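Inspection log for the structure reproduced underneath, given as structure tokens.
Here, each number is a calculation from the coordinates, and none is a lab measurement. As the structure is a computational prediction, the values presented were derived from the model and not from experiment. Backbone-built Cβ (ideal geometry, glycine too); neighbour counts: all protein chains shown.
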């Protein structure tokens, strides 16, 4: 699902729990209840949307560019409040003011035009809604990301650097991930997957550890926010 999040008191080595922790970290920054309409952009195989069900929202839509990922979700999740659709983050197939909360986790770094995505978030988020946003990027460009959010109509309410929590998660889940790799991949392909899953010693692990890359957690609302 993602690289995970491990707070100071966390000792779990279960990758699924660590990955879920990052979502819980974000979800805890906004109120989610039985009237909340949620969109996750970049939902992948639907783990984050499934976790959201614990908060009892009115509805959840998971959107992903991958047809295979959406087919997987549609086969495996059957709660009537859950819906999964294929779509482009830079041109969301929804009406204006459709959602109370929009979630984007470890996905936007792969978009061609993030400013188009942010503008789509503003368009589809209702005036009293929140954008829960977590990703990683080169630290030297991070100030520009905050400017882009504001220029596109999003007010940054809180921002956190969570490098330590992400690195701790990577460390705790090392044995689990290595076991999966050994079971599923032959040796010539193991190194190439290390960055993707965030193994200690990989480029992404080293860059987050050194601080060259920042892993951020941001809470936004629209500039015209109405309580």
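Every condition in (1) touching a residue at least 60 places away in the same chain (Cβ under 8 Å); (2) under 16 Å from the mean Cα position of the chain (by Cα); (3) buried (at least 17 other Cβ atoms within 10 Å of the Cβ) holds for residue 100 except the one numbered (2). Mind checking which residues of segment 21-37 are under 14 Å from residue 104 (Cα atoms) and touching a helix residue (DSSP H, G or I) at 6+ places or on another chain (Cβ under 7 Å)? Residues satisfying the conditions are 23, 27. Residues satisfying the criterion are absent from segment 4-16 (criterion: outside any loop (DSSP other than H, G, I, E, B) and in contact with a strand residue (DSSP E or B) (Cβ under 6 Å, 6 or more places away or on another chain)). Considering the conditions (1) under 26 Å from residue 205 (Cα atoms); (2) out of contact with any helix residue (DSSP H, G or I) (no Cβ under 7 Å at 6 or more places or on another chain), residue 70 is excluded by exactly one of them, (1). Of all residues in segment 76-91, those that are in contact (Cβ under 8 Å) with a residue 24 or more places away in the chain, assigned to a strand (DSSP E or B) and touching a strand residue (DSSP E or B) at 6+ places or on another chain (Cβ under 8 Å) total 4. Does residue 14 fit the bill of being over 20 Å from residue 217 (Cα atoms), surrounded by 15 or more Cβ atoms within 10 Å (Cβ to Cβ) and touching a helix residue (DSSP H, G or I) at 6+ places or on another chain (Cβ under 8 Å)? Spelling it out, it is not the case that residue 14 is over 20 Å from residue 217 (Cα atoms), surrounded by 15 or more Cβ atoms within 10 Å (Cβ to Cβ) and touching a helix residue (DSSP H, G or I) at 6+ places or on another chain (Cβ under 8 Å).
Considering only segment 122-144, how many residues are assigned to a helix (DSSP H, G or I) and either on the phi > 0 side of the Ramachandran plot or in contact (Cβ under 8 Å) with a residue 40 or more places away in the chain (or both)? Within segment 122-144, residues that are assigned to a helix (DSSP H, G or I) and either on the phi > 0 side of the Ramachandran plot or in contact (Cβ under 8 Å) with a residue 40 or more places away in the chain (or both) number 4.
The residue that is surrounded by the fewest Cβ atoms within 10 Å (Cβ to Cβ), counting only those in segment 20-42 that are without any contact (Cβ under 8 Å) to a residue 60 or more places away in the chain and either farther than 18 Å from residue 129 by Cβ or in contact with a strand residue (DSSP E or B) (Cβ under 7 Å, 6 or more places away or on another chain) (or both), is 24. Taking segment 43-75 as the region of interest, how many residues are out of contact with any strand residue (DSSP E or B) (no Cβ under 6 Å at 6 or more places or on another chain) and over 18 Å from residue 93 (Cα atoms)? Total meeting the criteria: 11. In segment 45-62 there is at least one residue matching the filter, namely being in a loop (DSSP other than H, G, I, E, B) and in contact with a helix residue (DSSP H, G or I) (Cβ under 9 Å, 6 or more places away or on another chain).
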